[in-house]
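Taking it in order: structure first as structure tokens, then the write-up.
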Amino acid sequence: MGKIIVETCEIEGLKVITPAVFGDTRGYFMETYNYNDFKEAGIDQIFVQDNQSASKKGVLRGLHFQKEYPQDKLVRVISGEVFDVAVDLRKGSKTFGKWFGVLLSAENKKQFFIPKNFAHGFLVLSDYAEFAYKCTDFYHPNDEGGILYNDPDIGVEWPISEGMELVMSEKDTKWGSIKEFGQNA
């Protein structure tokens, strides 16, 4: 029980996971994580921390990363819908500075695996969304970094609908560019 479908992405290391969902008249059941299934799919990580956030439509969180204590992340949406983005920050990578985005929702139940040394962020598309993720290292508040969400050198195509007002933390409006990151890396 609990087999998963894993899709590789055009950026090496990123994976979109679709769990097996078993439904009947009562509702549904699914395994959101099974170490053996993920290991068999090439995701052999030990997760040490689970996080969850709730946000309203238009909230954009990111693009975040940890500098000295990078984290692999397995992210999913419990309620609502988000556009989730990862940006390759791996030194020497042929896809450095490239981004990949995926629609995650309570309805499609997809998960997104983001390896270490990627910046990560998401935009809430539904009126409300609950977002959950597993990490392979603990959060270190003095170690956080970020890249500006609308850096033209990355060119993330956020699905910002007409009239959508973005809601962001102050720090997320002040991160530097991918060029600045590259100079400091």
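The values are calculated or read from the model by the stated rules, or taken from the named source; none is laboratory data. These figures come from a predicted structure and were not determined experimentally. We place every Cβ from the backbone using ideal geometry, glycine too, and count neighbours over all the protein chains shown. Note: areas computed on protein heavy atoms with side chains; ligands, DNA, RNA excluded. Shrake-Rupley method; radii C 1.70, N 1.55, O 1.52, S 1.80 Å.
Within the range 1-24, take every residue that is in a loop (DSSP other than H, G, I, E, B) and within 20 Å of the chain's Cα centre (by Cα) and give me the one that is surrounded by the fewest Cβ atoms within 10 Å (Cβ to Cβ). Ranking the candidates gives Glu10 first. Exactly one residue among Val87, Val16, Val77 is touching a His at 6+ places or on another chain (Cβ under 9 Å), within 27 Å of Glu157 (Cβ to Cβ) and not charged (D, E, K, R), and that residue is Val87. Do you know which of the residues in the range 115-149 that are assigned to a loop (DSSP other than H, G, I, E, B) and farther than 13 Å from Ala86 by Cα is most open to solvent (accessible area, probe 1.4 Å)? Step by step, filter the range 115-149, then rank; the result is Asp127. Condition test on Tyr69, is it in contact with a helix residue (DSSP H, G or I) (Cβ under 8 Å, 6 or more places away or on another chain) and either more than 24 Å from Lys179 (Cβ to Cβ) or in a loop (DSSP other than H, G, I, E, B) (or both)? It is true that Tyr69 is in contact with a helix residue (DSSP H, G or I) (Cβ under 8 Å, 6 or more places away or on another chain) and either more than 24 Å from Lys179 (Cβ to Cβ) or in a loop (DSSP other than H, G, I, E, B) (or both).
Counting only residues that are under 16 Å from the mean Cα position of the chain (by Cα) and either open to solvent by 80 Å² or more (accessible area, probe 1.4 Å) or farther than 24 Å from Arg90 by Cα (or both), the range 150-185 holds 2 of them.
Residue-wise test of (1) over 24 Å from Glu165 (Cβ atoms); (2) modelled with pLDDT of 95 or more; (3) open to solvent by 40 Å² or more (accessible area, probe 1.4 Å).
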residue	(1), (2), (3)
Arg26	yes, yes, yes
Glu31	yes, no, yes
Glu40	yes, no, yes
Gln45	yes, yes, yes
Ala54	no, yes, yes
Gly58	no, yes, no
Phe65	yes, yes, no
Gln71	yes, yes, no
Val77	no, yes, no
